[in-house]
1. Would you please name the residue that is nearest to DNA strand C (Cβ to nearest atom), looking only at residues in the stretch B:112-146 that are among the hydrophobic types (A, V, I, L, M, F, W, C) and under 16 Å from residue B:48 (Cβ atoms)?
2. Which members of the stretch A:139-153 meet the condition of being of a type outside the set (Lys, Arg) and part of a helix (DSSP H, G or I)?
3. Taking residue B:118 as meeting all but one of (1) closer than 16 Å to residue B:60 by Cβ; (2) outside any helix (DSSP H, G or I), write down the number of the exception.
4. Can residue B:72 be described as more than 8 Å from DNA strand D (Cβ to nearest atom), free of Cβ contacts under 8 Å to residues at least 12 places away in the same chain, assigned to a helix (DSSP H, G or I) and open to solvent by less than 20 Å² (accessible area, probe 1.4 Å)?
5. From the list A:102, A:109, A:95, A:85, which residue is near DNA strand C (Cβ under 8 Å from one of its atoms) and over 19 Å from residue B:32 (Cα atoms)?
6. Give the number of residues within the stretch B:62-81 that are within 9 Å of DNA strand C (Cβ to nearest atom) and more than 11 Å from every other protein chain (Cβ to nearest Cβ).
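The values are calculated or read from the model by the stated rules, or taken from the named source; none is laboratory data. Keep in mind that what you see is a predicted model, and the values were worked out from it rather than measured. Here the Cβ positions follow ideal geometry from the backbone for every residue, glycine too, while neighbour counts run over all protein chains shown. We work out accessible area using only protein heavy atoms, side chains counted, and drop any ligands, DNA or RNA first. Shrake-Rupley method; radii C 1.70, N 1.55, O 1.52, S 1.80 Å.
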There are 2 protein chains.
Amino acid sequence: MSGEDNLLRLVEAEEPDENNYHLQDQVGFILRKAHQRHVAIFASHIADLTPPQFAALAKLYDIGETSQNQLGTLIAMDAATVKGVIDRLKARGLVELSKHEVDKRRLLVNLTPEGREAIERLIPLARTITEETLAPLTAKEAATFLRLLAKLA
Amino acid sequence: MSGEDNLLRLVEAEEPDENNYHLQDQVGFILRKAHQRHVAIFASHIADLTPPQFAALAKLYDIGETSQNQLGTLIAMDAATVKGVIDRLKARGLVELSKHEVDKRRLLVNLTPEGREAIERLIPLARTITEETLAPLTAKEAATFLRLLAKLA
DNA sequence: GCAAATTCATTCGTATGCAAATGATATCAA
DNA sequence: TTGATATCATTTGCATACGAATGAATTTGC
């Protein structure tokens, strides 16, 4: 039997082929693609705000005024990233900044009336985005997926 | 009964509370966090290459020479993004570029011997990264998760 | 065979995302 | 009290990521 025959047998047998590395099966690669798809769905429903910007507004709407750093912790952004996001929201008049009276290091962030109006208007769209992202799964699968995803995150 | 009593009852009853929007329960937000965690794990094992750079090398190792655009399609990057990734890999001598003889629009990308050596050295580490990323799940959960994640991506 | 449409690559602009360094302030501990 | 630490915010540099516009080359449709 030739070497080519051996190769052929391996393919035809459909064995797990554990020696080869398949990028498209790696959790990191699929995670990246799933995230990309979600961001695209988000953009198709909410064109004038990015997911991180929406996250900042939604969290401020939820908890009220807080420091820039604390907000970053709550929405999983480091200090440098959250600064850029808040700067852009401020430039658009959706949040306002003020100095903490006692701790002079802190920069307090809060929604403006326009920001509050925006997030109230967008939350229904966000529910649609979540639905559409999970649409390839049944309700039961979606629940399982969210449970396992939360364990990973 | 006062309005405040009604609010209190709602909280105490631990009802699904479907009227409130909780960012931390949304699939997009958790997806973003899970991806962040994976990238951090990746960086802790492979410090001198990013996940997209690794993906490009791994795919070239898998399929051999291909055009820049085709490579982008295979590793889920648009043309602008893949160009930056390939430029940096080229600057480090891990890939080499050449013109397609027939179709003069195409830019062919291939591994250099150094690139081949690098990816062969890194693939075992990539397996460790996948393992560590999935470590919070049991083997059965991980299989379920990957199946559902693939349906989403 | 040729005009229209498509494909490939590049460039620009904008927005995360993170490491590292810095400066200001606050807290802790001897 | 003061010196060491820690925290908060900012800045810089680098690396994705994508939309939009552009130009070159190819393919399609009639």
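1. Looking at residues that are among the hydrophobic types (A, V, I, L, M, F, W, C) and under 16 Å from residue B:48 (Cβ atoms), I get B:129.
2. A:139, A:141, A:142, A:143, A:144, A:145, A:146, A:148, A:149, A:150, A:152
3. It fails just one condition, (2).
4. The answer is yes for residue B:72.
5. Sole residue among the options that is near DNA strand C (Cβ under 8 Å from one of its atoms) and over 19 Å from residue B:32 (Cα atoms): A:102.
6. Final tally of qualifying residues: 10.
Let's see how each residue does on (1) aliphatic (A, V, I, L, M); (2) within 16 Å of DNA strand D (Cβ to nearest atom); (3) surrounded by 15 or more Cβ atoms within 10 Å (Cβ to Cβ); (4) closer than 17 Å to residue B:21 by Cα:
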position	(1), (2), (3), (4)
A:88	no, yes, yes, no
A:93	no, no, no, no
A:102	yes, yes, no, no
A:116	no, no, yes, yes
A:120	no, no, no, yes
A:131	no, no, no, yes
A:138	no, no, no, no
A:146	yes, no, yes, yes
A:152	yes, no, yes, no
